[in-house]
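Bear in mind these aren't lab numbers, they're just calculated from the coordinates by the rules spelled out. What you are looking at is a predicted structure, and each value in this text was computed from that prediction instead of being measured. When we count neighbours, we look across all protein chains shown, and the Cβ atoms used for this are built from the backbone with ideal geometry, even at glycine.
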Ligand SMILES: NC(=O)c1ccc[n+]([C@@H]2O[C@H](COP(=O)([O-])OP(=O)(O)OC[C@H]3O[C@@H](n4cnc5c(N)ncnc54)[C@H](O)[C@@H]3O)[C@@H](O)[C@H]2O)c1
């Protein structure tokens with residue numbers, strides 16, 4: 001997808017962090033914006049910083065883990081701007097616990113927001129994007145957690161590995177169909193955002209997570225510190241995404257220092273070694 005001006009972008013999780021910076025970049029590119037988030041007040045405040053005229057902007061409160069709400073988002077986006085050209089399935093949440101301390105509700109929440117959201121997004125947007133006949137692109141936000149298996153983040157890792165393979169599968173299918181719609185997967189390492197405070201968005205139906213203790217608490221503390229100390233910013237992620245979309249590049253892995261860990265995992269697999277601990 002080469003042309004952004006006067007095209008329409010839908011961005012989920014746009015009230016904060018990477019989603020907000022994707023919105024800022026899309027606005028600067030001259031796109032119409034449909035911004036979705038579960039935190040509507042924060043979304044309104046964030047959108048006000050974009051300086052967009054009302055006719056180029058639609059805000060929609062959306063819980064992306066719920067199929068009916070993603071379907072409503074798609075209907076609203078197509079109705080408002082007559083088409084969708086860039087879909088960023090970006091909303092996500094993190095949870096840090098040892099695997100045996102994840103409750104069923106923890107799994108359902110994290111997989112719902114991080115993986116089912118992308119499934120719903122593809123299901124409710126892509127057929128209509130293909131029918132449009134215009135160039136378009138889907139960007140799924142995964143994580144380097146979708147390429148590695150860092151301890152203390154089982155549900156998060158499973159969700160992001162799911163997003164990576166879903167995106168790779170879709171890439172092959174869109175290429176085989178010679179579609180004008182492309183797909184990329186964004187795999188950041190640590191970026192200073194509010195991801196370590198994800199519990200703020202945990203819907204009541206999942207209850208609260210049990211407070212972390214022992215090893216889970218140590219992992220939680222380390223994750224929070226790692227997020228805060230991330231060197232690349234959310235704006236850097238948005239810049240990398242727009243470069244990749246313009247070039248039709250699939251893998252967007254802005255933190256190149258993580259390559260050695262990815263290589264180590266691949267070598268473990270190829271040599272049938274036990275997984276090298278990531279610390
Ligand atoms: N920050 C990092 O270190 C990092 C690293 C790798 C991947 N990611 C991924 O980047 C994406 C964006 O996260 P971020 O770092 O900007 O965090 P963030 O918490 O700053 O932003 C996430 C946004 O998603 C929204 N959200 C949460 N649950 C939702 C739901 N059910 N429906 C709709 N919106 C919901 C939040 O309200 C928030 O605005 C996520 O998919 C995350 O997994 C982040």
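Here the label points at residue 48 and residue 264, each 7 Å from Cα along the C-beta direction, are separated by 4.6 nm in the simple model. Highest mean packing comes first when the peptides 205-215, 35-45 are listed by Cβ atoms within 10 Å, giving 35-45, 205-215.
Across the chain the C-alpha pair distances fall into 5 Å bins from zero in the proportions 1, 6, 13, 18, 20, 17, 12, 8, 4, 2, 0, 0 percent. Between residue 105 and residue 208, the simple spin-label model (points 7 angstrom out along Cα→Cβ) gives 1.0 nm. Spatially, region 176-219 and region 149-167 are offset by 9 Å when compared through their Cα centroids.
A Gaussian network model of the chain, with springs between Cα atoms under 10 Å, assigns the largest mean-square fluctuation among 203, 151, 254 to 203.
Do you know the relative contact order of the chain, to the nearest whole percent, from alpha carbon pairs under 8 angstrom that are 6+ apart? Relative contact order of the chain: 20 percent.
Residues within the reach of a label modelled at residue 80 (point 7 angstrom out along Cα to beta-carbon, backbone nitrogen below 20 Å), restricted to region 203-239: there are none. With 0.36 nm allotted per residue and the present C-alpha distance subtracted, the residue 98-residue 256 stretch has 54.2 nm of extension available. R0 = 22 Å: FRET efficiency of residue 276 with residue 222, Cβ-based, nearest 0.05? Calculated transfer efficiency: 0.75.
Structure remark: mean-square fluctuation, Gaussian network model of the chain, C-alpha springs under 10 Å; the largest value among 160, 180, 257 belongs to 257.
Over the chain, DSSP H runs of length four or greater, each weighted -39,500 (n - 2.57), average out per residue to a 222 nm ellipticity of -14500 deg cm²/dmol. With each label modelled as a point 7 angstrom along the Cα→C-beta vector, the residue 199-residue 165 pair spans 3.1 nm. Taking 153, 129, 266 as the candidate residues, the one with maximal mean-square fluctuation in a Gaussian network model of the chain, Cα springs under 10 Å, is 266. So what's the gap between the Cα centers of region 111-131 and region 69-103, to the nearest angstrom? The two parts, judged by their Cα centres, are 8 Å apart. Descending by average beta-carbon neighbour count within 10 Å, the peptides 62-73, 226-237, 85-96 line up as 85-96, 62-73, 226-237, the highest first.
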